[in-house]
Amino acid sequence: MSLSNTKMLKMNELDTFVENHLNLQVKISYREHHDFLLRHGLNECSHVLDIGCGNGTFVARLAQDYSEIQFVGIDKRKQCVESCQKLVSENFQAQQVDMFSRDSQFDFSQFDGFLMRYFLLHVDNSQKILEHLKNKLKRPSRFWIIDLDWSQFKCEPPHPTFDLLTKLVKDFCSKISVHSMGGQNVLPLLQKLGYQNIVVEHIPFSTQTIARDELTLYLKQEVICYSYMSGKSENDSETAEIIRFIDEDVRSGKFQVSYGMVLLFAELS
Ligand SMILES: C[S@@+](CC[C@H](N)C(=O)[O-])C[C@H]1O[C@@H](n2cnc3c(N)ncnc32)[C@H](O)[C@@H]1O
């Protein structure tokens, strides 16, 4: 799909669009996210569960790199699990599981590593998930939580159109009942629930660290997703202006834009 204009997505295009977006995230971030996992015990695990695995691109790539570890991806959406099925291998399987389903028979205790990448801040009750895992899991277990940290969302020099982008993200979060500053809330939540050995790292996800063409494409795709999912019309003038700003002003280097990212590690022993 062309992103050179602000054409909104038709329903049947959404899955392909989201899939391409998740793939771009993996392309941009695999190395750093993989390094984080490796520095925090991935090699000590034998069975790793990716919760909210999406189309499975990230976890399937991990499975390729670590043939001695068994990986399972779970997601509540049938379409995601179908995409994962194209990537299954000897050490990667996928299953449709909703973390909030009361009748799920899924056995979490078979795993000793849990990845939640762009997941925990996309659900409206992250505490419930962390509590559930704490009660069900064998010890020791390791957790890697990777997500966007919108509190680090910045533009230099400031520009009113960037403020519109921030507002679009906040409005979307409030529509799906997610706290837009959720990245900051995970640490106190893990502490409150008794998770141990917590490590927090912040990495810039910005025009200074990522190729400008890739970051601007990523930002435009984010804007299109948020605008579409917030129910804005195809001709929404604010969305058009944000996309113009990214495409012209950010891409040309006039503005440095940063989308923060937070990486957390924790253990239960
Ligand atoms: C932003 S995507 C992240 C995909 C993937 N982890 C990645 O890094 O590319 C969030 C995923 O969480 C899934 N999800 C949301 N709520 C869920 C739930 N209650 N149980 C299982 N999966 C859920 C969504 O279907 C979606 O695929």
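Of all residues in the range 129-151 being assigned to a strand (DSSP E or B) and away from the ligand (no atom under 13 Å from the Cβ), which is surrounded by the most Cβ atoms within 10 Å (Cβ to Cβ)?
Phe143
Could you grab me the full set of residues in the range 88-128 that are among the polar types (S, T, N, Q), more than 12 Å from the ligand (Cβ to nearest atom) and under 25 Å from Ser29 (Cα atoms)?
Ser89, Asn91, Gln93
Which of the residues belonging to the range 218-256 are more than 30 Å from Cys45 (Cβ to Cβ) and under 19 Å from the mean Cα position of the chain (by Cα)?
Of everything in the range 218-256, those that are more than 30 Å from Cys45 (Cβ to Cβ) and under 19 Å from the mean Cα position of the chain (by Cα) turn out to be Leu219, Lys220, Gln221, Glu222, Val223, Ile224, Cys225, Tyr226, Ser227, Tyr228, Met229, Ser230.
Considering only residues of the range 45-70 that are over 20 Å from Lys27 (Cα atoms) and in contact with a Gly (Cβ under 9 Å, 6 or more places away or on another chain), which is nearest to the ligand (Cβ to nearest atom)?
Per the stated criteria, the residue is Leu49.
Which ones in the range 96-118 are of a type in the set (Ser, Thr, Tyr) and without any contact (Cβ under 8 Å) to a residue 60 or more places away in the chain?
The answer is Ser101, Ser104, Ser109.
Name the pairs whose Cβ atoms lie under 9 Å apart, with the first residue in the range 119-134 and closer than 13 Å to Asn185 by Cα, the second among the acidic types (Asp, Glu) and away from the ligand (no atom under 12 Å from the Cβ), and 6 or more positions between them or separate chains?
Sorted first by the residue in the range 119-134, then by its partner, the pairs are Leu121/Asp149.
When the range 233-265 is examined, which residues are found to be buried (at least 18 other Cβ atoms within 10 Å of the Cβ) and out of contact with any helix residue (DSSP H, G or I) (no Cβ under 9 Å at 6 or more places or on another chain)?
Of everything in the range 233-265, just one residue is buried (at least 18 other Cβ atoms within 10 Å of the Cβ) and out of contact with any helix residue (DSSP H, G or I) (no Cβ under 9 Å at 6 or more places or on another chain), namely Ser258.
Determine the pairs where a residue that is more than 13 Å from Phe114 (Cα to Cα), located within the range 68-79, has a partner that is near the ligand (Cβ under 6 Å from one of its atoms) and of a type in the set (Gly, Ala, Ser) with Cβ atoms under 8 Å apart, the partner being 6 or more residues away or on another chain.
Asp75/Gly52; Asp75/Gly54; Lys76/Gly52
Are there any strands (runs of 3 or more DSSP E) wholly within the range 32-118 with 1 or more residues that are under 16 Å from the mean Cα position of the chain (by Cα), and if so which?
Fully inside the range 32-118 and qualifying: 47-51, 70-75, 113-117.
Assuming Lys154 fulfils every condition listed in (1) touching a Ser or Thr at 6+ places or on another chain (Cβ under 6 Å); (2) crowded, with 17+ Cβ neighbours inside 10 Å; (3) closer than 19 Å to Met261 by Cα; (4) touching a residue at least 24 places away in the same chain (Cβ under 8 Å) apart from one, which condition is it?
Single failed check for Lys154: (2).
From the set of residues in the range 197-232 that are among the polar types (S, T, N, Q) and touching a helix residue (DSSP H, G or I) at 6+ places or on another chain (Cβ under 9 Å), which is surrounded by the fewest Cβ atoms within 10 Å (Cβ to Cβ)?
Checking each candidate, the answer is Thr209.
Bear in mind that the values in this text are calculations on the coordinates, not laboratory data. For clarity, every value in this text was computed on a predicted model and none was experimentally measured. No Cβ is skipped: glycine too gets one built from the backbone with ideal geometry, and neighbour counts run over all protein chains shown.
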